[in-house]
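Inspection log for the structure reproduced underneath, given as structure tokens.
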């Protein structure tokens, strides 16, 4: 019994020592910028993206000065003015449920491209890896942005993250001109047109460019008109409102 208690006591002391060493390392990093062990960038980015609008807390150094301590083991450098679409810093609350899009390393280019396509869109914030990070210095880690007023998060997570048609962004278009414009821009530079209004952009992300007329035709109370519109849609790549209407109206 005494031996068991002795072992338990030693085990408890060991865990307490490890905890103190970890705490000392965090304090050293915050005050003296002593590098902490690196963690995989994706884990760090996911942790930070959970609260991208929160400023890192400030802690007092032994000399009485203050120093920033990142909430991440891997520090990030926030930027607020390196994009023409970027808003000035401001306090804001993140949406409760937000679409999170993970790219290989093209998040910055993709976000700036997407906000250029839609009205009422903006880049809210971007977070970069420190310049001293080998292979990652200056690269955007995560970004928060809005498309037509809806908030999204983007992350550079590495090549093991890929897209599939199981996830797509659905765009409700009011006119054929809007369909044509978005289709042309989103398939440019290496994008791929697909069937029935689907496409992949140059980053591999899938989109559905759908005229609101399609929903009205497919929901027509006349089953014949609805089926004729459906059959016409199934033969199309980019959707053509006039052709869909003609198919539905056919005798």
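Only the coordinates and a few stated rules stand behind these numbers; no lab work does. Treat the numbers as computed from the prediction; the structure is a model and nothing was measured. Note that each Cβ is placed from the backbone with ideal geometry, even for glycine, and that neighbours are counted across all protein chains shown.
Between residue 98 and residue 170, 0.36 nm times their residue separation minus their Cα-Cα distance comes to what? Each step should come with its number before you reach the end.
On the way: separation 72, 0.36 × 72 = 25.92 nm, distance 1.50 nm.
Residue separation times 0.36 nm, minus the Cα-Cα distance, leaves 24.4 nm.
Could you compute the FRET efficiency for residue 120 and residue 196, with r as their C-beta to C-beta distance and R0 at 22 Å, rounded to 0.05?
Working: r = 27 Å, r/R0 = 1.23.
Between residue 120 and residue 196 the formula returns 0.20.
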